[in-house]
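Accompanying notes for the structure given below.
The values are calculated or read from the model by the stated rules, or taken from the named source; none is laboratory data. None of the values given here were measured: they were computed from a predicted structure. No Cβ is skipped: glycine too gets one built from the backbone with ideal geometry, and neighbour counts run over all protein chains shown.
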């Protein structure tokens, strides 16, 4: 293909270099990737063939300029492969995975390039460099060393084999999970079995069934995590049981989409790779380049939190069982599929709050405009203008132009709200164009959620959790939009894995901030605002059910650590038995509180980049909770506070050590007490 026939081979002429998805077809991607590989390898050869000694300009800056075509194609493709993975896109992803791994190894393991970077690193004490330039040298040297650049040729060859195989296996895991999740979506022939769902939710279930040719029925698709939002409202216990059983069966029921053999091979190969690199485990290799530093530090924190979380969950279980015994004509023992339903009953009894009944107050468009966008305006001076004229990769994906307070352009924000069979589960942010002053690029970022789409003409009403997710993911989007760095290596969310969740978790605080929630939480029919008294009761429930929520999260984080602290000579014979033993070890083996993710559908760690890093959410939450305290102490939702947070933390990306950036913002290291208080673990 030529530039005339393949739109990916030349920079997009659209605003902000947005990929022109109107012209891009599936068959364009692989040729563009191959040309991108060739171009960057030629650029690297030009760097390493320079006869003069390494300088920052002829090595580091040249390295950062390299691969522009490949970055452009990668961002365009991986946006689509996660959000609209058609059969053609999946086939490309499978073919591409080992090619991409091989290309990355060709750069990271290049001995001549490593020598040049090492020479600069050894001279950092005398070179007249800016702080971000020093950090760029340090980070490239560190990352190449951790990747194996110092190994001998035989070890590098084996490492390359491992990386290519692991890349293919991760793609297989995600493909299996998407297929099994679609197959296990639960069909209900009788709408009575879905008593408890709202009219809008029933409409969405009917639409989902109709789109699969199942007219006259209702279909509930499965979210990525173990629990399903419908479990909180469905009155039919058998319906709840069916949904929970389907969710927990994903990837582990035999057949073509079983992920157990895939994940055990991934774990074994990661352990072998870690040993090759000189580490006792994959977790040790991952945390060596994170703020945690070691798996032992992660283990100490998880164990410290697990005991009080399990204690609180046990008390919550007893309260739920007491409620069942007192209210059911034929009492039964609480099971996992009952927890959410009776938790909502208990919440209503204790706080007079029915979260399901709040949905008419959370109309999606109003939440977005008067909530998410309004908070960003109050804090950072941003304004948003929808650009329906700009093409996107799917009709449901909406594009907004983002402007600074002075009216200057900041970037583009893409929101893809609805679930579909071609979209992977969960919610995420990804860059479509990464900001870089060196390349003259402004940011384009996307948020994806998996909200059920109602029938035409029906409003999209969000759950309280979905509102929280939208605020959370927009925090990631702000991290990308506010990126103000020179080098693409540091752009936006290119920070340590156990720091990346911090900005997004902070953004959740504005969801129930009085002037924000008062604007967006209005009844879709009457316009009646959610009362201040009810908002106060919602805030008072901050520690309610936190024993369960903390335990299910910690259980998943512990499974991740247990899987990835297996040494190279270890193995997993039975995935279920391994999980049971691991959860018993940390005291989180409570059948009615299953892990948020079990191994066979734990996409975060087997196909999503969080391997040995799922602890990052709670690790980052220490910083988040401490930051929330700072905002409260300093006047809350003000432009001055927003500007400080933006300039000292969000905008620096990876160009500064994250904990140094935090100290610069906060004036000290983070303290854990606010987190313990937030989760009710301080008593």
(1) surrounded by fewer than 20 Cβ atoms within 10 Å (Cβ to Cβ); (2) more than 23 Å from the chain's Cα centre (by Cα): which one isn't true of residue 657, the others all being true?
(2)
Qualifying residue in the range 192-200 (condition: closer than 29 Å to residue 345 by Cα, at pLDDT below 95 and touching a strand residue (DSSP E or B) at 6+ places or on another chain (Cβ under 8 Å))
yes
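Of everything in the range 609-631 that's in contact with a helix residue (DSSP H, G or I) (Cβ under 8 Å, 6 or more places away or on another chain) and not in a helix (DSSP H, G or I), which residue is nearest to residue 260 (Cα to Cα)? Steps first, answer last, please.
So the first thing to find is which residues in the range 609-631 are in contact with a helix residue (DSSP H, G or I) (Cβ under 8 Å, 6 or more places away or on another chain), and the list is 610-631.
Remaining after also requiring not in a helix (DSSP H, G or I): 610-615.
Details: 610: 18, 611: 16, 612: 18, 613: 20, 614: 19, 615: 22 Å.
Going through the qualifying residues, I end up with 611.
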Tell me which residues, restricted to the range 185-215, are part of a loop (DSSP other than H, G, I, E, B) and either without any contact (Cβ under 8 Å) to a residue 12 or more places away in the chain or under 28 Å from residue 175 (Cβ atoms) (or both).
185, 190, 212, 213, 214, 215
Out of 61, 27, 95, 4, I need the residue that is part of a loop (DSSP other than H, G, I, E, B) and surrounded by fewer than 19 Cβ atoms within 10 Å (Cβ to Cβ). Which one?
4
Could you identify the single residue in 441, 427, 477 that is under 12 Å from the mean Cα position of the chain (by Cα) and more than 27 Å from residue 180 (Cβ to Cβ)?
477
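For (1) more than 30 Å from residue 401 (Cβ to Cβ); (2) in contact (Cβ under 8 Å) with a residue 60 or more places away in the chain; (3) out of contact with any helix residue (DSSP H, G or I) (no Cβ under 6 Å at 6 or more places or on another chain), each residue gets a yes or a no:
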{"site": "21", "(1), (2), (3)": "no, yes, yes"}
{"site": "37", "(1), (2), (3)": "yes, yes, no"}
{"site": "42", "(1), (2), (3)": "yes, no, yes"}
{"site": "70", "(1), (2), (3)": "no, no, no"}
{"site": "85", "(1), (2), (3)": "no, yes, yes"}
{"site": "110", "(1), (2), (3)": "yes, yes, yes"}
{"site": "116", "(1), (2), (3)": "yes, yes, no"}
Could we say that residue 614 is touching a residue at least 12 places away in the same chain (Cβ under 8 Å), outside the structural domain of residue 224 (by TED's automatic domain parsing), more than 30 Å from residue 514 (Cα to Cα) and under 18 Å from the mean Cα position of the chain (by Cα) here?
yes
Mind listing whichever residues of the range 667-683 are surrounded by fewer than 18 Cβ atoms within 10 Å (Cβ to Cβ) and closer than 25 Å to residue 647 by Cβ?
667, 668, 669, 671
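Taking residue 280, is it closer than 20 Å to residue 559 by Cα and crowded, with 22+ Cβ neighbours inside 10 Å?
Working: closer than 20 Å to residue 559 by Cα: yes; crowded, with 22+ Cβ neighbours inside 10 Å: no.
No, not satisfied.
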Of the residues in the range 514-545, those that are crowded, with 19+ Cβ neighbours inside 10 Å, under 25 Å from the mean Cα position of the chain (by Cα) and over 10 Å from residue 361 (Cβ atoms) come to 516, 545
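How do the helices (runs of 4 or more DSSP H) wholly within the range 514-589 filter down when requiring 3 or more residues that are at pLDDT 95 or above, on the phi < 0 side of the Ramachandran plot and in contact with a helix residue (DSSP H, G or I) (Cβ under 9 Å, 6 or more places away or on another chain): which remain? Explain how you work it out, then say what you get.
Working: elements: 514-520, 532-540, 546-564, 575-586.
Per the criteria, 514-520, 546-564, 575-586.
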Looking at the range 272-285, which of its residues are part of a helix (DSSP H, G or I) and touching a helix residue (DSSP H, G or I) at 6+ places or on another chain (Cβ under 7 Å)?
272, 273, 274, 276, 282, 283, 284, 285
Which ones in the range 135-164 are buried (at least 17 other Cβ atoms within 10 Å of the Cβ) and under 24 Å from the mean Cα position of the chain (by Cα)?
139, 146, 147, 163, 164
Hey, among 373, 403, which residue is without any contact (Cβ under 8 Å) to a residue 60 or more places away in the chain, crowded, with 18+ Cβ neighbours inside 10 Å and in the same structural domain as residue 432 (by TED's automatic domain parsing)?
373
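Among the residues of the range 618-637, are any closer than 30 Å to residue 274 by Cβ and surrounded by fewer than 21 Cβ atoms within 10 Å (Cβ to Cβ)?
Step one: list which residues in the range 618-637 are closer than 30 Å to residue 274 by Cβ, which gives 618-624.
Those left that are additionally surrounded by fewer than 21 Cβ atoms within 10 Å (Cβ to Cβ): 622.
Yes: one or more hits.
Of all residues in the range 491-513, how many are over 20 Å from residue 633 (Cβ atoms) and surrounded by fewer than 21 Cβ atoms within 10 Å (Cβ to Cβ)? Walk me through it before giving the result.
First, the residues of the range 491-513 that are over 20 Å from residue 633 (Cβ atoms): 491-501, 504.
Pick out the ones that are also surrounded by fewer than 21 Cβ atoms within 10 Å (Cβ to Cβ) and you get 494, 496.
Residues that pass the stated criteria total 2.
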Which of the residues that make up the range 386-400 are in a loop (DSSP other than H, G, I, E, B), under 22 Å from residue 25 (Cβ atoms) and in contact (Cβ under 8 Å) with a residue 24 or more places away in the chain?
390, 391, 392, 393, 394, 396
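Residues 230, 268, 274: which one is crowded, with 21+ Cβ neighbours inside 10 Å and over 24 Å from the mean Cα position of the chain (by Cα)? Reasoning before the result, please.
Numbers: 230 fails: over 24 Å from the mean Cα position of the chain (by Cα); 268 fails: crowded, with 21+ Cβ neighbours inside 10 Å.
Step by step, each of 230, 268, 274 is checked, and only 274 is crowded, with 21+ Cβ neighbours inside 10 Å and over 24 Å from the mean Cα position of the chain (by Cα).
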